[in-house]
Amino acid sequence: MSTIASNARDFLTLQYNDDYAQAIIEHILTDWNDETISSIVDELNKVDSSDSTIGRKVVYLVNEMISRYEELNIPNTRTEGKYPFLPVFGEMLQRPDTQKFDFEALVSQSDELIPQFIQAMDGEKDPRNLLIAFKIFKLMTRVLDISKYIEDLFELLWCYFPITFKPPPGDPYAITSEELKQHLRECIAATPYFAKFAMPSLQEKLENPSDVVKKEAIATITVCAPVYGAHALLPGITEILSVLSTQIFYAKDNAMQSLALSGIHVITATLATGISIAAISDPIQRSLDPLIDECIMAMKQPEHKNARSAIALLRSAASASDPACTSIVERAVPSLLSSYRNAYNDSERIAVLELIIEIMEASRTLYGSMDGQKVDRDFMTPLLSFKEPLLDLYSNAAESTTDLLQYKGCHGLYVMVASRHFLNEGQTSGVVKILTKISCDSHLSLLRENALASLRKIGLFCPSSVINIAIPLLLSRLQFKDQKQDILGLLSQLGGVPAIYDVIIPTLSEEFMQACVQDQKYADFVMKKIVQATEAGLQNKKELGEEHQWAEMIRKILLSTVHCCQNEAPLSANTLDLLAYWVANVVRKLSSSTQVILAQLAFDIYIGNLSAQEGSVTSQQHVNVLASNTSDDVSSLSVVFVAIVCNCRKEVMSQHITSMKIPLSWIRAGIESTHAVRLTSCAQLAAVYANQWTKDASTLNQFLNEALITYIQPALNDVASRDQRKNAVVVLAWLTKAMVITGKPALSFDHIINALQNEDIGHEAAIAFKVIAGESDILLNKQSFAKYSILYKQRLYNTVIHGLIKGINEQSSDIIQQNHLIALCHILGNVPKQVYIANLTTLFPFLVQSLRIPQTFVKLTAIHLVVLTLDQLPLVVKQHIQSIIPSLLELCRTYPGNTIAVRVDALDCLGRLTDGLQAPVLMPFTSTVIKSLSYVVDDRKRVSNVGAINTVMYC
């Protein structure tokens, strides 16, 4: 191959000489094979674009190859087919696109290349060669001068139409019939020169009784129409549209109908091009009039199947061009309005409303949509002439007493609002009012959800109408106690729209503060709705407007939480977690200056040991959530304090924490804490402080060393109490996480791994790996301004995996071994599978052991990894099948600790075993599985019940 490459390179790069070129070609063609082709194509890609003789050289090479291919003893090659010149010729034709060859030199050889190409490919049937030839054909029409060979080239193509090719079983080339058909269509549509030959031939094929031939003719016309232009279509347009209409009304399958509708659309769009504006409507109107007449007649019976076919045809045509849309709207809409007025029952009225909506959707597609792509057109929709009657029609329907009529009315109103330049501001407000009323009052949940979904979409492109009309209407209903929860749900849904979020949240926060002192359960509900709105509403907002108002709102909420504790009506842990999540998300969106104010407020209210500033809270209004003598209720508030402080930018935290004594005091308080929430909060505060360290690295090491030597290591000693040792593990876990996520860990894992071997604190050490490898929604993530390396989980895995495996293998104590297995599952469950997939063979025995560990997360992780191994390495699963199946059967039972999620996943895994492993492997377990799952079939949880039945059926 190196000799061939050298010959090809010399031929392409050395000074041109006919005798030398002939000699080189002889060498190249002597031993022709796949490698020869690849070598020449590779050298074509490497040649110097400044050499103006390259084009002439390659043309010479291809001519020689074409003229001599019959003399060559050429074997069937893998993908290029038996004609060696095809890939080289194709590469040569592509070169002008990248200006690598002399274009004029190439074009000048058209009279030599094209006839030889036609001669070489005439009668070719090998699909590999045809695929390459079709691709080259399209390049030829772009690059070469084919004007003298139009008829010959078309005949070369047409002899293959329509292609009928059925790939042999196990075809290594993976060439499909559809692939060949698509390339043939594109070749026929490659140049408008083919129009005078192709259109009569295609029209003839349309009359063929075979659906296969007819389908291919329609598909080809659809591709050719934009290229050939309106003038090529007009002579036979009536016949073409007639055939397409017949297929739309009477097609035997949906694929044929869809193809015919696409053809109608493309042809109608083509008719509107290439004709002078003054005369543009005449040929379109003449062409479409028979179709419109037929469709209007079919829509006289709006509930009939033909009415659906008719409106599909009209929508396809109307969405293609302004003249077509105008012609259809002016004739079809009056007829449909008359049908609605004369309808005998609601069923007919609903059908007519559906038909009109299809026309409005066509108009929206053509003239632009408010909730989608805005089409830049000077034309205005012809539906404007019917705006008033249509608006009245759908408004009355939406306000009727019939559910389906209301549903269609809402749909139609939304389509009108979403149509560009259709309704004015007052009319849009009227629609919003109707939708709001339905979303509140309808007894049908589907109708309420549809109206609310429409309001949300309107809020995206017209928020002022929703803010000025819908929100006040909803707020006015909050005074009715029986409607409060429903109205708050609606408000939270609308608050998911970014532009409306700022308006909704102050109202919801006021409701929350009132509920804090009146109804704790209701306060939890309100906070859930605030969080729901936040998850959607803040997602695409870069910043919040009127930041001082947000700061004031949060201040009032913080004070209300303290007030609840002081009045012995503390908020539940769940409510405080939701509040912390919301506050964290809001603080991240605020500027540094506002974060400074909020951090000051948080310290004043929840710590109370910083110097008071003007406007700060009084001593009666603050508590110390981190103090050791604080009640459990007050300590629970520390999650909100953490959410504020730990989501500020690092320069904000450094302003408030000027000495490392403060975070060290948090570490001491955490270790000495008797309250779990206060412990976690202290650990998190110290961790975030370390992660956002703004001083030099040596000072950070000093802080970490002092934390370890002075507080953590003494607490880990056997001399300390068991609670302090557990607390020390938690503090160490958060500090380790803070350093690990930076990508430059400054703490060793030795302390935590050693703690796994201690029966007293080993379980806490195992959970520590969940903290280190997992993600927190509140802090130490990319959104909370933490120093964060995206590869930290990979480094973490590589650092600890060998120690964990060693601990599992060497420990004789079941408890200590279980600690290592829990830690391993927390690592594997929180790192990307690409990190550990290469080690699945080694890890799999430990995963099987983990199936019997009580913790839900460990069970779910182990099941997930068994499924992953089954997909990737089924032989590994086969080796452990005797342990896997009994363990999975135990997890399917309604035993304590087997949650519904565990049971469903275990059943799913059992079902997957039947797909991933061969029957002889599973046959010995069939009776055991069926007997065990007979108990699960009686599971009251339907999803578990169904899973069991499916698995038994597999058996």
On average, how much accessible surface per residue is there in segment 218-267, in Å², for a 1.4 Å probe, leaving out ligands, DNA and RNA? 38
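I'd like to check one number: the per residue accessible area of segment 751-819, probe 1.4 Å, reported in Å² as a whole number.
Working: 3290 Å² over 69 residues.
Normalised by residue count, the accessible surface of segment 751-819 is 48 Å².
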Measure off, as a whole percent, the carbon and sulfur share of the 1.4 Å-probe accessible area of segment 782-826, all protein chains present. 47
Checked against the positive end of the charge dipole of segment 739-832 (+1 on Cβ of Lys and Arg, -1 on Cβ of Asp and Glu, about the Cα centre), the farthest of 754, 784, 772 is 784
Any chance you could look up the accessible area of residue 858 with a 1.4 Å probe, heavy atoms only, rounded to 10 Å²? 0
I'd like to check one number: the per residue accessible area of segment 357-437, probe 1.4 Å, reported in Å² as a whole number. 43
Can you give me the Cα centroid spacing of segment 628-678 and segment 199-268 in angstrom? 73
Part-to-part distance (alpha-carbon centres) for segment 180-196 and segment 390-430, which is given in Å: 46
So what are the ³J(HN,Hα) numbers for segment 177-190, from phi and the Karplus equation (6.51, -1.76, 1.60; θ = phi - 60°), rounded to whole Hz, Gly and Pro as x? 4, 5, 5, 5, 4, 4, 5, 5, 4, 5, 5, 5, 8, 6
Apply the Karplus parameterisation 6.51 cos²θ - 1.76 cosθ + 1.60, with θ equal to phi minus 60°, to every residue of segment 504-517 and state each ³J(HN,Hα) to the nearest whole Hz, in sequence, with x for glycine and proline. 6, 4, x, 5, 5, 5, 4, 4, 5, 5, 5, 5, 4, 9
Ordering 517-527, 754-764 by per-residue average of other C-beta atoms within 10 angstrom, highest first, gives 754-764, 517-527
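Sort 908-914, 297-303 for me by packing, meaning the mean count of neighbouring Cβ atoms within 10 Å per residue, highest on top.
Packing proxy ranking, top to bottom: 908-914, 297-303.
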Residue-by-residue Karplus 3J(HN,Hα) for segment 196-209, coefficients 6.51, -1.76, 1.60, Hz, glycine and proline x: 5, 8, 6, 4, x, 5, 5, 4, 5, 5, 4, 8, 5, x
Packing-ranked peptide list from 845-857, 723-735, highest mean Cβ count within 10 angstrom first, is 723-735, 845-857
Enumerate the amide H contacts of residue 419 below 5 Å, restricted to partners 5 or more residues apart or on another chain; note that Pro and chain-start residues carry no placed amide H. 370
Considering segment 778-838, what Rg and Dmax in Å follow from its alpha-carbon atoms? 14.1, 44
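Which percent of the Cα-Cα distances in segment 715-756 go past 16 Å? Numbers along the way, then the final one.
On the way: 313 of 861 pairs.
Summing the P(r) of segment 715-756 above 16 Å gives 36 percent of all pairs.
Can you sort 304, 820, 548 by solvent-accessible area, 1.4 Å probe, largest first?
On the way: 304 85, 820 0, 548 120 Å².
Per-residue accessible area, sorted high to low, gives 548, 304, 820.
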Diffusion constant of segment 803-901 at 37 °C, which comes from Stokes-Einstein with the Kirkwood Cα-pair radius and 0.692 mPa s, µm²/s: 238
SASA check, residue 179, accessible area w/ 1.4 Å probe, all protein chains in place, rounded to nearest 10 Å², comes out at 60
Expressed as a whole percentage, what fraction of the accessible surface of segment 419-504 belongs to carbon and sulfur atoms when a 1.4 Å probe is rolled over the protein heavy atoms? 53
Hits among lysines - C-alpha to C-alpha of residue 878 under 28 Å, sequence gap 8 or more where chains match: 806, 833, 859, 931
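Please state, to two decimals, what the Cα-based radius of gyration of segment 188-301 comes to when divided by 2.2 N^0.38 Å (N = residues).
With N residues counted in segment 188-301, Rg over 2.2 N^0.38 Å equals 1.05.
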Whole-Å semi-axes of segment 743-805's equivalent ellipsoid, largest first, each the root of 5 times a Cα gyration tensor eigenvalue? 23, 14, 9
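The values are calculated or read from the model by the stated rules, or taken from the named source; none is laboratory data. Remember, predicted model here, so these are calculated numbers, not experimental data. Counting neighbours? That spans all protein chains shown, and the Cβs are built from the backbone with ideal geometry, glycine included. To get the accessible areas, we keep the full protein, side chains included, count just its heavy atoms, and leave off ligands, DNA and RNA. Shrake-Rupley method; radii C 1.70, N 1.55, O 1.52, S 1.80 Å.
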